[in-house]
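Structure first, then comments.
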Amino acid sequence: MIVQAAADSRVGERHELAVFFADGRAPARAAFVLVMDPAEVDLRIDVKRPEPPAACPPEVQRPEPRPEDFVLKGYVNDRGVQTAVIEPVKDRAQGLWTDRGVSYRGNGWVLFDVVINSFPGRPLFAPRDATLTGKGGVPLRARLVTAAVDASTPEGVIRVLVVAEEPPPSAGLVFTVEVDGGDGRSLVIPRANLPKPVEEGKP
């Protein structure tokens, strides 16, 4: 392609020239700036279109981790965090029983971790929600998370994590945990102990 000015131009005058590629791929054009200089002439300009960068998948915003995430992934156990034992409970009328559980106290949160079993021949238990009741009978808002115990867990066994904000000191250290199911059944753990909070200045 030969470009020739149609009229005389002043020294230093600039003109932009755009050339579109025939295949239409991006980038679709190349642009040049022509600068008038009587002493210099570019006889040839080579144009090379760079390859477009590889498309990167949009960054997925990760949700903030919750207390149960650390327990499920093994990042929190009975070392390095305050724990207390939850004794087993059997309720033959509801057809449910629990193994020994563990309660955790973290920075601003508490978590009750229990495994609920169904008696043989009884319907599977499907937990839906949970409530905590402490000293004085005031219920605390809680969030319920369910998870399989492991790949070899028999049918009718489910792990339940009940999570709540750290209760005020007036609520005491012994709570009633009630887990309600979708079929009208519920399991009540009458004495779910919490570990004592660490006093300031002490490990």
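The values are calculated or read from the model by the stated rules, or taken from the named source; none is laboratory data. Remember, predicted model here, so these are calculated numbers, not experimental data. Neighbour counts are summed over all protein chains in view; Cβ atoms, including those assigned to glycine, are modelled from backbone coordinates with ideal geometry. Accessible surface is based on the protein model in full, side chains and every heavy atom, while ligands, DNA and RNA are left aside. Shrake-Rupley method; radii C 1.70, N 1.55, O 1.52, S 1.80 Å.
Summary table below
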{"item": "13 Å beta-carbon shell around residue 97, net charge (K/R +1, D/E -1)", "result": "+2"}
{"item": "[x] 48, 38, 35; [y] 101, 50, 29; [z] 60, 41, 30, with the label sought being that of the calculated Cα extents along the principal axes in Å", "result": "[y]"}
{"item": "Selection of trypsin sites (Lys or Arg not before Pro), segment 107-195, meeting DSSP coil and at most 15 other Cβ within 10 Å", "result": "135, 141"}
{"item": "With every protein chain in place, the chain: carbon and sulfur % of accessible area (1.4 Å)", "result": "53 percent"}
{"item": "Per residue, in Å², the accessible surface of the chain once ligands and nucleic acids are set aside, probe 1.4 Å", "result": "73 Å²"}
{"item": "Ordering of 32-41, 99-108 by burial proxy (mean other Cβ atoms within 10 Å per residue, highest first)", "result": "99-108, 32-41"}
{"item": "Efficiency of FRET from Cβ geometry, residue 176 and residue 126, R₀ 22 Å, rounded to 0.05", "result": "0.55"}
